[in-house]
């Protein structure tokens, strides 16, 4: 048994010795082959632009970065180029988007901060505090976005009128309610701080002869005002309309003037702080569906001055209607509105514009022409022809005397708007009932004065009013603009 084991061990040793001998012989053979190997790369076997790699018994060709071997040619690797280009483009796009959105966020924060600052400057915070303490107020503080939506981004097709103090657009809020949106051109620096509270005070005015102020926007550089929309144009268009075929009666114009005077009288006597309109003129007397007068554009008015700091630093108003005393003192008073209303009475009496561009200096101003005629006792020369045929000279003389008093150069000598409204009421009675003497009060006063709440018929007999009976007023006219 031991002999067999020893024999097997000897056999394994012989086999291992044989394998080692064969390995040595293979190494010797490889060394010999390497000694006699030829460098095939020395013959530049690779295509132009390629790189040769010598191997034992052969060679390998490769192309430089950006190229690939196709047959015996190194062509540009378009796939790699496109991939790298697209990758770089994608990185650039992502970088631009990140920068853009970063700038947008920064600008949005700045814009929001600017809006907040405008809101604060215009008294928005005080306004909100006041609104919280006085619940149930029918007044809205609109955002700029809401008014942009309401007016189709203030589209030109929505413009109702333009003036030196702003542009008015027709708008729709809550998808159904029509409003007039006024973008003011400027606001006196004096007014900015208290603007919001003043708007709140003006919004609480509720009178049938005053256009309702519904709200405002304070987050813009110059506040935007929102009024109720009034349909039928202005007193200016009734008096100075282009169509000479249709004419409106003097008694109707007298009624409209009386209603406007009532509205202004209400503003002047409102609460403890009178409100001065500041731009009384025929184009700021609107007419509703029943042709009832509504005084408009008082949203850019001022509360009556209470101290010396309240002097107006920028003249406002319209040439031809401006109070000469106001032009000298730069102090706007309720008597300034009375003077302007006197010019309106002249337009009714004469049918002429308050200011003409042609003619001599003395003939350009309607008030100067009128006062000169009154001084010469020649009223008949300035009256429009058809008026003299419609009304008695007693009534016309009474209206002319009222206008003359309103146009007094000294404001203290002018009547108040309440006195003007009362006088117009008496003149209306004389027009409706010629047998009633001008200076007599009858027991039937309340019945004869009449209310103007609706249903008036427009008598066509004197003044040009529009282009057709069904639509005498052009709804695109400038009746909101100052």
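The values are calculated or read from the model by the stated rules, or taken from the named source; none is laboratory data. What you are looking at is a predicted structure, and each value in this text was computed from that prediction instead of being measured. Cβ atoms come from the backbone with ideal geometry, glycine included; neighbour counts cover every protein chain shown.
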Count of segment 275-285 residues which are over 21 Å from the mean Cα position of the chain (by Cα) and either in contact (Cβ under 8 Å) with a residue 60 or more places away in the chain or more than 13 Å from residue 209 (Cα to Cα) (or both): 7
Find the helices (runs of 4 or more DSSP H) located wholly in segment 165-284 whose residues include 1 or more that are touching a helix residue (DSSP H, G or I) at 6+ places or on another chain (Cβ under 7 Å), at pLDDT 80 or above and surrounded by 17 or more Cβ atoms within 10 Å (Cβ to Cβ), and list them. 235-240, 250-268
Within segment 343-383, which residues are closer than 25 Å to residue 256 by Cα and not in a helix (DSSP H, G or I)? 351, 352, 353, 354, 355, 356, 365, 382, 383
Number of the condition not met by residue 133 [criteria: (1) at pLDDT 70 or above; (2) exposed (fewer than 11 other Cβ atoms within 10 Å of the Cβ)]: (1)
Evaluate segment 384-394: report whether one residue or more is under 17 Å from residue 255 (Cβ atoms), at pLDDT below 90, part of a loop (DSSP other than H, G, I, E, B) and under 38 Å from the mean Cα position of the chain (by Cα). no
Looking at this structure, is residue 416 under 25 Å from residue 328 (Cα atoms), out of contact with any helix residue (DSSP H, G or I) (no Cβ under 9 Å at 6 or more places or on another chain) and either at pLDDT 90 or above or surrounded by fewer than 16 Cβ atoms within 10 Å (Cβ to Cβ) (or both)? no
Among the residues of segment 366-379, write down those that are more than 27 Å from residue 418 (Cβ to Cβ) and either touching a strand residue (DSSP E or B) at 6+ places or on another chain (Cβ under 6 Å) or surrounded by 12 or more Cβ atoms within 10 Å (Cβ to Cβ) (or both). 368, 369, 372, 373
Condition check for residue 332: under 23 Å from residue 296 (Cα atoms), within 35 Å of the chain's Cα centre (by Cα) and either assigned by TED's automatic domain parsing to the domain that holds residue 253 or surrounded by 21 or more Cβ atoms within 10 Å (Cβ to Cβ) (or both): yes
In the set 424, 396, the lone residue that is in the same structural domain as residue 251 (by TED's automatic domain parsing), in contact (Cβ under 8 Å) with a residue 60 or more places away in the chain, buried (at least 17 other Cβ atoms within 10 Å of the Cβ) and over 15 Å from residue 367 (Cβ atoms) is 424
